[in-house]
Amino acid sequence: MWDYLVLFLLAAVAAFWWSGFHAREAARGAARRHCEAQGVQFLDDSVALTKLRVRREVTGRLAFYREYRFEFSTDGEDRYAGQIRVIGRRVLGVDGLWEAVH
């Protein structure tokens with residue numbers, strides 16, 4: 001009995017990690033495309049998870065909702081923050097906040 005519980009927990013952790021990996025890659029790609037479209041430089045080629053919740057998709061299915069933060073620059077020196085919202089693997093939106101990062 002305990003063996004099945006341990007296997008189930010390991011599978012759940014692996015599934016959570018796998019979904020997070022795909023969500024982060026979707027967010028990173030969206031940030032890169034957004035920066036290219038706006039004519040700004042996507043810094044560090046990375047995004048950072050800032051919020052994680054469970055929400056319903058439009059289909060009614062439960063999914064992880066994640067918000068990521070990224071940084072961009074207009075001149076290569078100043079840093080500004082942007083935000084990406086993802087549910088499941090689908091990007092909901094990208095915002096360039098133009099908030100200076102120190």
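The values are calculated or read from the model by the stated rules, or taken from the named source; none is laboratory data. Fair warning: this is a prediction, and the values are worked out from it, not measured in the lab. No Cβ is skipped: glycine too gets one built from the backbone with ideal geometry, and neighbour counts run over all protein chains shown.
The table that follows gives values for the structure above.
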item	result
Enumeration of residues in region 40-64 that are among the small types (Gly, Ala, Ser) and in contact (Cβ under 8 Å) with a residue 24 or more places away in the chain	46, 63
Hits in region 22-54 (condition: surrounded by fewer than 11 Cβ atoms within 10 Å (Cβ to Cβ) and out of contact with any Lys or Arg (no Cβ under 9 Å at 6 or more places or on another chain))	37, 39, 44, 54
Any hit, region 5-21, residues being part of a strand (DSSP E or B) and either in contact (Cβ under 8 Å) with a residue 40 or more places away in the chain or among the aromatic types (Phe, Trp, Tyr) (or both)	no
Single residue of region 42-96 satisfying the filter (of a type in the set (Gly, Ala, Ser) and assigned to a loop (DSSP other than H, G, I, E, B)) that is nearest to residue 12 (Cα to Cα)	88
Whichever residue in region 61-87 is modelled with pLDDT under 90 and surrounded by fewer than 11 Cβ atoms within 10 Å (Cβ to Cβ) and, among such residues, is farthest from residue 39 (Cα to Cα)	77
